[in-house]
Each structure stands twice: as C-alpha cells, then as structure tokens.
1. Report yes if some residue within region 248-256 is of a type in the set (K, R), within 26 Å of H214 (Cβ to Cβ) and in contact with a Leu (Cβ under 7 Å, 6 or more places away or on another chain); otherwise report no.
2. Every residue in region 207-245 that is in a helix (DSSP H, G or I) and under 28 Å from G32 (Cβ atoms), please.
3. Would you mind telling me which numbered condition in (1) over 15 Å from T114 (Cβ atoms); (2) surrounded by fewer than 15 Cβ atoms within 10 Å (Cβ to Cβ) L298 fails?
4. Looking at region 192-207, can you tell me whether even one residue there is farther than 19 Å from P283 by Cα, within 15 Å of the ligand (Cβ to nearest atom), crowded, with 23+ Cβ neighbours inside 10 Å and among the β-branched types (V, I, T)?
5. Right, D111: over 25 Å from A149 (Cα atoms) and either buried (at least 20 other Cβ atoms within 10 Å of the Cβ) or polar (S, T, N, Q) (or both) or not?
6. Please work out which one of (1) under 21 Å from the mean Cα position of the chain (by Cα); (2) closer than 30 Å to I26 by Cα is the condition A284 fails and give its number.
7. Mind telling me which of the residues T92, T96 ends up being buried (at least 23 other Cβ atoms within 10 Å of the Cβ), in contact (Cβ under 8 Å) with a residue 40 or more places away in the chain, among the β-branched types (V, I, T) and not in a loop (DSSP other than H, G, I, E, B)?
Amino acid sequence: MPTTKRTSTVPLLDLRSQYADLRAEIRAAIDGVLESQQFVLGPHNEALERELAAYCDAKFAVGLANGTDALTIALAASGIGPGDDVIVPAFTFVATATAVVRLGARPVFADIETATFNLDPAEIERRVTSKTRAVIPVHLYGLPAEMEAINSIAARHGLIVVEDNAQAIGARYKSSRTGSFGTAAGISFYPTKNLGAFGDGGMLITNSEKLAAHARRLRDHGQSRRYLCSEPGWNSRLDEIQAAVLRVKLKRLDDWTAARRAHAKRYDELLADLAGIAVPAAPAHSEHVYHLYTLRILKGLERRNLVQRRLLELGVSSGVYYPVPLHLQPVFAGMGHTPGSFPRAEQASAQVLSLPMFPELTEGQITHVVESLATALKETA
Ligand SMILES: *Cc1c(COP(=O)(O)O)cnc(C)c1O
C-alpha cells in the first residue's frame with residue numbers, strides 16, 4: 001500500500017521521548033529491584049507512599065494495583081456497601097462509577113458545570129437523598145473540582161468525599177494539592193497519566209490514619225496480620241518495579257507539569273482568535289495540570305468529528321474523552337436514563353476534543369496543531 005510519508009505528525013502523547021531522557025536512571029532502578037528479588041510491597045513502595053503523601057499535602061498514602069482499586073478501596077474503607085448511593089458526575093471515565101458498582105452500591109449521576117467539565121456542586125444538593133452516603137468529585141483533565149463548595153455541601157449532608165484524582169496529580173485548588181481535600185482520594189499511575197508507571201499502579205491518599213490502616217488490610221486479602229483474615233479484601237498491591245520507576249519519575253513531575261502549563265498557555269494565546277471553539281477554563285484559584293488540553297468544538301457532534309478527521313489528515317492526532325456520558329453507557333442501561341437526562345454531560349460528550357499535550361511537545365508542533373485546527377475549522381464552518 002503506497003502511503004504518503006508524513007514527517008510532521010504530532011501525536012496526542014509521546015511517552016518514548018520521556019523514556020529516552022530517563023533511560024539510564026530507570027534501568028538502574030529496575031535493576032536494583034531485580035537484584036533484591038523483592039517484588040511486591042517492598043522498600044520502594046514504602047518510600048513512594050511517603051513521598052506521594054507529602055507531595056499531595058496529605059498524611060498517608062497506600063500503594064495499590066491501579067487507580068480504580070484506589071477508588072473502590074477508599075469507598076470500602078469508608079464503609080460504603082450494598083444499599084448505599086454514591087453521587088458521581090455523569091461525564092467522566094467509566095471507572096469512577098464502576099468502582100461504586102463493584103461494592104454493591106449504586107452510582108447516582110449528577111450533571112457537570114459547562115465551563116469546567118467538573119461536577120456541579122449544586123447538583124449534589126439536587127440529587128442527595130437519605131440513601132446518599134458519598135460523593136466522588138473528579139478533577140477532570142487535571143482541573144480541580146470546586147472542593148470548597150463540594151466539601152461544605154457534603155458536610156451538611158454527612159457525606160463521605162472521595163476525590164477521583166486519577167488525572168490531576170500535582171494540581172492545586174486554592175493553596176493545597178488535590179487529593180488532600182476529601183475523606184480519601186484515588187490516584188492512577190496508568191502509563192498515560194501525568195505520573196505514569198510502566199504498567200498499572202495506583203495510590204490511595206488520605207489524612208485518616210484509621211482509613212489508611214484499613215486500606216492496607218483490604219489491599220492484602222483483608223488480612224489483619226499474616227494468614228489471619230478478618231474480612232474479604234482484594235489482591236491490590238503495588239509492585240516494586242512500578243514503585244521504583246515512579247520514584248524516578250516523581251522527581252521530574254513538577255518540571256513536566258510546568259511544561260504542560262506553558263504549552264497550555266501557548267495554545268490559549270494562539271487559539272484566542274479562532275471562532276467556533278472554547279478553550280479550557282482556568283479559574284484563577286486553581287492550578288490546572290493539563291493531563292489533557294480539551295477544547296469544545298461548538299456546533300455539535302457532526303462538526304467535532306469532521307474536525308477530528310481533518311486534523312488527522314493534516315498530521316495531528318487528537319482524542320475524544322469521553323464520547324458517551326455515563327448515564328448512556330450500556331452498563332447503566334437498567335437505570336432508566338435517556339438522552340436529555342444530563343444535558344450538560346451530553347453536550348460535553350458531543351463537543352470535546354483534546355489536542356496533543358505532553359511535556360516534550362515543541363513550539364513547532366504546537367504551531368502545526370493550531371494552524372491545522374484553523375484550517376479544519378474553516379473547512380467545516
Ligand atoms: C484513569 C482513570 C481512572 C482509573 O485508573 P486505572 O489506573 O486505569 O484503574 C479512574 N478515573 C479517571 C477519571 C481516570 O482517568
């Protein structure tokens with residue numbers, strides 16, 4: 001098949017260039033683990049737990065197998081189970097809600113704010129009932145949810161707050177980092193996340209010593225001590241190779257976040273004059289870490305998809321996170337929601353488009369993305 005060779009394709013994410021910068025250090029760290037032959041919950045995990053808790057302005061961190069387990073175990077350790085309702089935004093990655101389902105509890109969807117894509121605090125008030133036990137705000141794309149309003153509503157109704165911090169490690173809301181506001185928070189180290197492992201990994205963050213201790217039991221088969229099981233748990237332990245890799249990367253995270261923020265600023269400047277789009281909100285009291293730089297392509301689904309296709313032809317990869325809101329996912333078909341149930345979530349699903357964003361992005365790539373977007377918008381106007 002003859003193909004036209006495109007030398008200028010800008011990927012959505014480029015993990016290889018990051019690895020090239022760290023190769024020697026990471027290989028040495030992995031080698032150390034291989035020599036020790038200690039693969040699960042060893043010294044790297046313990047050190048990473050300390051480093052991550054401090055990094056998130058929190059007291060405790062518990063290394064886990066992935067970010068979804070971090071949410072599930074945070075809820076389980078908070079006593080959530082069958083018969084309990086948990087409010088989650090209708091627009092997020094599906095794991096935010098399936099983490100609830102896994103416990104036999106019920107996710108109750110709530111709509112988002114148009115400007116930030118995050119849970120609308122007023123919607124918590126609207127959806128809360130006597131069965132509601134918890135709420136999971138998601139810091140979507142790296143932008144903190146409105147934690148002050150959410151926490152004050154949650155306190156008024158006696159709700160547990162579990163932050164889904166999978167996409168926002170390092171983000172600040174007012175003076176503190178995300179992950180430090182809720183009863184607990186979950187972080188994901190999935191390779192594409194801002195702090196990505198070489199496989200799966202996750203971390204639970206909390207200021208509660210009791211909750212942290214409970215989570216440590218739950219991740220290790222519910223054992224209160226070796227071979228003494230006091231409740232059914234999970235096998236959800238962070239492995240040492242991942243922890244060792246993550247410790248090398250954590251030292252670079254602030255530099256990478258600064259680079260993401262600089263790229264976002266550049267996109268904002270260059271995109272300011274383009275009609276037919278809305279650039280991401282950046283509230284002054286928050287520090288967005290731009291896991292994704294997500295625009296709205298105004299005027300609906302057809303146009304967003306056309307723009308995305310044209311961008312690819314012009315050598316620019318882009319992504320749609322997420323094309324189907326949770327209330328319209330097949331897994332939740334039994335809940336009786338229909339199109340129109342959560343209009344802002346549905347509109348976001350139809351309009352969002354994420355542009356290439358990673359620390360190593362170059363000025364030339366950014367310019368190419370913006371010029372290609374301008375062309376695609378003109379052609380689809
Ligand atoms: C990635 C992600 C998760 C799940 O994390 P895993 O490590 O893949 O289990 C949960 N919520 C959100 C918002 C995510 O982006």
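The values are calculated or read from the model by the stated rules, or taken from the named source; none is laboratory data. Owing to the predicted nature of the structure, the values given are computational and were not obtained by experimental measurement. Positions of Cβ are backbone-derived with ideal geometry, glycine not excepted, and every protein chain shown enters the neighbour counts.
1. Of region 248-256, the ones of a type in the set (K, R) are 249, 251-252.
Restricting the remaining residues to those that are within 26 Å of H214 (Cβ to Cβ) gives none.
So far as region 248-256 goes, no, none of its residues is of a type in the set (K, R), within 26 Å of H214 (Cβ to Cβ) and in contact with a Leu (Cβ under 7 Å, 6 or more places away or on another chain).
2. If we filter region 207-245 for residues that are in a helix (DSSP H, G or I), which is where we start, we get 209-218, 240-245.
Across region 207-245, the qualifying residues are A212, A215, R216, E240, I241, Q242, A243, A244, V245.
3. Result: L298 passes all but (1).
4. yes
5. Numbers: over 25 Å from A149 (Cα atoms): no; either buried (at least 20 other Cβ atoms within 10 Å of the Cβ) or polar (S, T, N, Q) (or both): yes.
Answer is no for this residue.
6. (2)
7. Values: T92 fails: not in a loop (DSSP other than H, G, I, E, B).
Sole residue among the options that is buried (at least 23 other Cβ atoms within 10 Å of the Cβ), in contact (Cβ under 8 Å) with a residue 40 or more places away in the chain, among the β-branched types (V, I, T) and not in a loop (DSSP other than H, G, I, E, B): T96.
Yes or no, residue by residue, for (1) out of contact with any Asp or Glu (no Cβ under 7 Å at 6 or more places or on another chain); (2) at pLDDT 95 or above; (3) within 17 Å of A20 (Cα to Cα):
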site	(1), (2), (3)
L228	yes, no, no
N235	yes, yes, no
L238	yes, yes, no
Q242	yes, yes, no
V245	yes, yes, yes
R252	yes, yes, yes
W256	yes, yes, yes
A262	yes, yes, no
